[in-house]
1. Go through the stretch B:1-54 and count every residue that is surrounded by fewer than 18 Cβ atoms within 10 Å (Cβ to Cβ), among the small types (G, A, S) and at the interface with another protein chain (Cβ under 7 Å from one of its Cβ atoms).
2. I'm trying to understand the selection: among the residues of the stretch A:76-92, which are of a type outside the set (G, A, S) and either under 18 Å from A:A270 (Cα atoms) or not in a helix (DSSP H, G or I) (or both)?
3. Of everything in the stretch A:161-191, what is over 24 Å from A:S348 (Cβ atoms) and touching a Leu at 6+ places or on another chain (Cβ under 6 Å)? Give them in sequence order.
4. Give B:L19, B:L12 a once-over and let me know the one that is assigned to a helix (DSSP H, G or I), more than 29 Å from A:F293 (Cβ to Cβ) and in contact (Cβ under 8 Å) with a residue 24 or more places away in the chain.
5. Which ranges mark the helices (runs of 4 or more DSSP H) fully within the stretch A:197-295 that have 3 or more residues being more than 11 Å from chain B (Cβ to nearest Cβ) and free of Cβ contacts under 8 Å to residues at least 40 places away in the same chain?
6. Considering only the stretch A:285-295, I want to know if a residue exists there that is more than 19 Å from A:A69 (Cβ to Cβ) and either at pLDDT below 90 or in contact with a helix residue (DSSP H, G or I) (Cβ under 6 Å, 6 or more places away or on another chain) (or both).
7. Being surrounded by 24 or more Cβ atoms within 10 Å (Cβ to Cβ) and closer than 15 Å to A:Q257 by Cα is the filter here, so list the residues in the stretch A:114-133 that pass it.
8. When the stretch A:82-132 is examined, which residues are found to be more than 19 Å from the chain's Cα centre (by Cα) and polar (S, T, N, Q)?
Amino acid sequence: MSPPFVALGIVALVVGGTVAFALASVKRLATDPHEYVVAGRSFGAFFLWLLLAGEIYTAFTFLGAAGWAYSFGAASFYILAYGAIGYVIGYFFLPAIWKVGHARNLLTAADYFRDRYGSRKLGVTIGTLQFFMLIPYVTLQLTGLQILLTIAGYDAYNATAGVALAFLLMAVFVFTAGMRGLAWASIAKDALILLAVLFAGLVIPAHFFGSVPAMFDRIVAHRPQSLVLPTTWTNHSLIWYVSTVLLTGIGFFTGPQNMNAILTSRSGDALRRNAIWMPVYGLILLFVFFAGFAALLVIPGMKPGEADQSFVLVVQRYYPPWVLGFVAAAGVLGALVPSAALLLAGASTFAKNVLADGFGFVKGDREQTTAMRLSVIALAALALLLWLVYKKTLVDLLLFYYNGITQFMPGLVFALVWKRVSKYAVAAGLAAGLLTVVTIFVEHADPTPYGINIGLLALAVNVAVVATVATIWPRRDAAPEIP
Amino acid sequence: MSRGARAARVLLACVSPALLVLGVPFANRIEPRVFGLPFLLAWILFGVLMAPVTLLAIYRLEGRQKA
């Protein structure tokens with residue numbers, strides 16, 4: 001059997017097996033939107049952990065974190081740091097959001113805005129914005145898939161057809177199984193990723209250098225600059241690290257897909273216990289850095305864009321095809337399962353907040369669930385089409401996703417703590433924040449002026465505008481009380 | 001919750017973010033190596049590990065207050 005046949009065969013078996021296992025675990029098909037999108041708010045700590053971990057640690061985290069360690073050295077450490085800050089904030093923030101969602105029977109992030117600020121229009125606006133922000137994020141996962149399938153095929157095949165096939169399989173899976181199926185698929189994904197990462201971070205350094213400390217000895221001797229942050233006012237410097245860790249830590253749970261996961265929880269306490277232990281799971285990123293640094297020594301000279309492939313290439317060149325097959329399969333699930341969560345979040349927001357609330361097209365629970373299912377397929381087709389046409393430039397749009405999605409944070413938090421904030425204040429702040437992101441993005445070739453993360457600048461503008469409007473024109477009505 | 005417990009909760013919550021954000025400019029160095037890791041990476045690792053420790057302490061504190 002030829003090496004590409006073995007490696008790609010293992011990928012196909014693992015993906016097919018995961019989908020089959022998850023479908024078998026879902027007992028009946030949901031017709032109620034609450035069952036379809038937030039699994040009837042029934043998840044305890046374990047499933048919740050799978051979902052939250054599943055959405056945060058994607059293939060991009062793994063390929064990207066190794067690629068960053070390879071290309072930018074210590075700047076990559078921010079990926080390890082921001083999760084911990086996200087969970088410290090999340091410990092207080094998630095149960096509070098959950099309480100509102102539970103008491104008011106909410107489904108999506110846009111529902112939360114509609115309910116708390118008493119404005120259907122705000123809900124529709126937020127839903128539309130979030131839907132469009134999700135598309136480049138889904139597209140990015142497709143680029144990750146392509147890298148993995150190309151390497152697993154030993155560059156012998158054009159991976160485009162494979163990417164399209166795998167992705168459409170996932171769309172049909174979400175169409176059928178919804179949130180509950182997603183949680184089951186996450187079990188296989190997390191187990192396999194854990195194995196692949198431990199292999200890459202421990203076995204590869206031991207094989208080439210004897211041990212992880214010995215590997216760092218080599219880096220200290222040859223490339224010491226890659227182990228500290230440069231103290232200049234440039235991209236990937238110390239100031240960049242500080243501003244980026246702050247922004248990404250604050251924005252950790254602001255994505256619409258995170259809201260779905262939060263609302264699946266049975267209780268606030270399950271969320272609290274998750275926030276305590278999740279940083280420990282995040283430590284597996286450490287092994288990803290080891291793999292990236294090992295690749296830097298084993299196959300030096302790759303450009304920043306290509307470096308995302310670095311450690312999988314090491315596996316391809318120096319290990320048997322079946323090892324490559326399992327590592328690639330872990331990565332492929334790491335791209336597919338989070339894409340499934342993104343599809344579900346985007347589709348539920350589109351059907352509920354845009355079609356139903358915005359245009360009054362969809363009435364009744366059964367019809368709404370059907371609309372969500374059809375939106376899953378539509379969103380998947382749209383993302384795939386965008387990817388086929390634009391591939392490269394869309395990666396730049398990711399910057400807009402990360403910086404943009406964080407701008408929803410003030411609206412989420414102020415609804416909990418400051419009664420003077422009205423829908424106008426939130427809308428003005430959001431508009432100012434997004435405008436700041438877009439202006440700097442369009443006006444400057446450098447996405448990080450003076451090395452400072454623009455998302456953080458935009459967030460500061462956003463909060464300042466909300467606070468000013470709330471102080472001058474306080475809200476007159478009040479949101480429904482939460483018991 | 002008593003004032004003391006409230007203050008302790010806020011202080012505990014600040015430990016990990018302070019290490020990971022404010023502490024990093026002071027930890028931005030290779031030596032001394034910790035278990036073979038460069039100092040900066042070891043520092044960030046320590047900061048991340050302090051998150052579950054402090055959150056668990058807060059969780060216990062809240063539990064005792066409720067009881």
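The values are calculated or read from the model by the stated rules, or taken from the named source; none is laboratory data. These numbers were taken from a predicted model, which means no experiment stands behind them. Here the Cβ is made from the backbone with ideal geometry for all residues, glycine too, and neighbour counts use every protein chain on show.
1. 1
2. Within the stretch A:76-92, A:Y87, A:V88, A:I89, A:Y91, A:F92 meet the criteria.
3. A:G162, A:V163
4. That would be B:L12, the only listed residue that is assigned to a helix (DSSP H, G or I), more than 29 Å from A:F293 (Cβ to Cβ) and in contact (Cβ under 8 Å) with a residue 24 or more places away in the chain.
5. The helices (runs of 4 or more DSSP H) meeting that bar number zero.
6. The answer is no; no qualifying residue exists.
7. A:I126, A:G127, A:Q130
8. A:N105, A:S119, A:T125
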